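Visitor: Below: one structure in structure tokens.
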Amino acid sequence: MAYRRTVKLLCGLAGGSAVVIAAAAAADSHGYFGGGQPGDGTSRWSRFTVIKAAQPAWTPVSHTPASSGHAWDFNWDKRDPSALVNGRKKESVTEYPSSEQENGKPKATRNILLIRHSQYNLSGITDKERFLTPLGREQAELTGQRLAALGLKYDLLIHSSMTRATETANIISKHLPGVDLVSCDLLREGAPIEPVPPVTHWKPDAVYHEDGARIEAAFRRYIHRADPKQKEDSYEIIVCHANVIRYFVCRALQFPPEGWLRMGLNNGSITWLTIRPSGRVALRTLGDSGFMPPDKLTRT
């Protein structure tokens, strides 16, 4: 009994399975587990039972998340040069790539900064009546200042043709002299795909398959790896809408696109996607609005 109390005390002090096993082995060799002669292996508590009892309640293996089994599709934008060379299938490419094949590989990285429009007049019925509020104009100024402070060489500023996005882009452009503005109808707000899980408080005006086709077309136009002719890294700004941005992020990262509504974006926030020549995509920021004072933050 004294030896059992000693084993119990050692286990309680050390708290480790190694101590438990060592103590159990010593106890078994002295026959303290009852039955049989000391060390004859016929004790009622076998070593296996003791060792099993001494193991921790969990193991890393049992808590390792299982892989989804979905591999990254490097040809997600249908621009992977290894998949198609001058209209010929991959099998026709020789073991030693020619200069033509090497020249067909993208070499630059595209950086796409997606800006959500600023706060606008929610009581407006038509698009023209949904112009920016005074706070919305302040937010656009702050976003423009932030983009300028990043010190990047912006190549283009593209914006949705809707009033709130156009006004936001015009204010931002004042802080980025020399950057051309381009309006695009494909970037207008809409319902890209029916969200999962479904929601009852939000009913889109347009049919999903109508808006979805347009927004998917916008994704294919603007979100892809660089053209092989592009020599330097590029930085493009796209001012549009929350639904469009969230859908773009899901598609670019190859996440289920129906999960787009699970993300929230503040007005005037910055979402930054990076697309490498290999087709790898990284999300550098999602809805960054930390450059705005707390009293200027809205999500309408």
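Every number in this text was worked out from the coordinates using simple rules, so none of it is lab data. Note that this is a predicted model, so its numbers are computed, not measured. Heads up, the Cβs are rebuilt from the backbone with ideal geometry, glycines too, and the neighbour counts pull from every protein chain shown.
Visitor: What base-10 log of the normalised intensity I(q)/I(0) is obtained for the stretch 151-260 from the Debye formula, alpha carbons as equal point scatterers, at q = 0.16 Å⁻¹?
Guide: These q points yield log10 I(q)/I(0) values of -0.79.
Visitor: Trypsin sites (Lys or Arg not before Pro), restricted to the stretch 210-261: which are DSSP loop and have at most 13 other Cβ atoms within 10 Å?
Guide: Lys229, Lys231
Visitor: May I pose another question? Listed here are the pairs Lys78/Lys105; Lys203/Lys296; Lys78/Lys229; Lys78/Lys153; which of them are more than 22 Å apart at the Cα?
Guide: Checking Cα-Cα distances, Lys203/Lys296; Lys78/Lys153 exceed 22 Å.
Visitor: For the stretch 106-296, what D do you get in µm² per second when you plug the Kirkwood radius from alpha-carbon pairs into Stokes-Einstein at 10 °C and 1.306 mPa s? Could the numbers behind the result be given before it?
Guide: Details: Rh = 16.9 Å.
For these conditions, the coefficient is 94 µm²/s.
Visitor: Quickly rank 170-177, 188-195 as a protection proxy: mean count of other C-beta atoms within 10 Å, highest first.
Guide: Ranked by mean Cβ neighbours within 10 Å, highest first: 188-195, 170-177.
Visitor: Kindly rank 106-117, 285-296 from highest to lowest mean number of other beta carbons found within 10 Å of each residue.
Guide: Ranking the peptides 106-117, 285-296 by packing returns 106-117, 285-296.
Visitor: Ser161 to Glu232: FRET efficiency via 1/(1 + (r/R0)^6), r the Cβ-Cβ distance, R0 45 Å, to the nearest 0.05?
Guide: 0.95
Visitor: Okay, moving on. Mind giving me the nanometre distance, one decimal, between the label points for Leu150 and Asp127, set 7 Å out from Cα along Cα→Cβ?
Guide: The two pseudo-label positions are separated by 2.6 nm.
Visitor: Also, quick follow-up: How far is it, in nm, from the label point at Ala282 to the one at Leu253 when both lie 7 Å from their Cα along the line to the Cβ?
Guide: Reported label-point gap for Ala282 and Leu253 is 1.5 nm.
Visitor: Take the Cβ-Cβ distance between Ala217 and Ser183 as r, set R0 to 25 Å, and report the resulting FRET efficiency rounded to the nearest 0.05.
Guide: Given R0 = 25 Å and the Cβ-Cβ separation, E is 0.95.
Visitor: Taking the Cβ-Cβ separation of Trp72 and Tyr208 as r and a Förster radius of 22 Å, what is the calculated FRET efficiency to the nearest 0.05?
Guide: About 0.25, to the nearest 0.05.
Visitor: Expressed in nm to one decimal, what extension gain is obtained for the pair Val196 and Arg262 from 0.36 nm per residue of sequence separation less their Cα-Cα distance?
Guide: Gain on extension, Val196 to Arg262, equals 22.9 nm.
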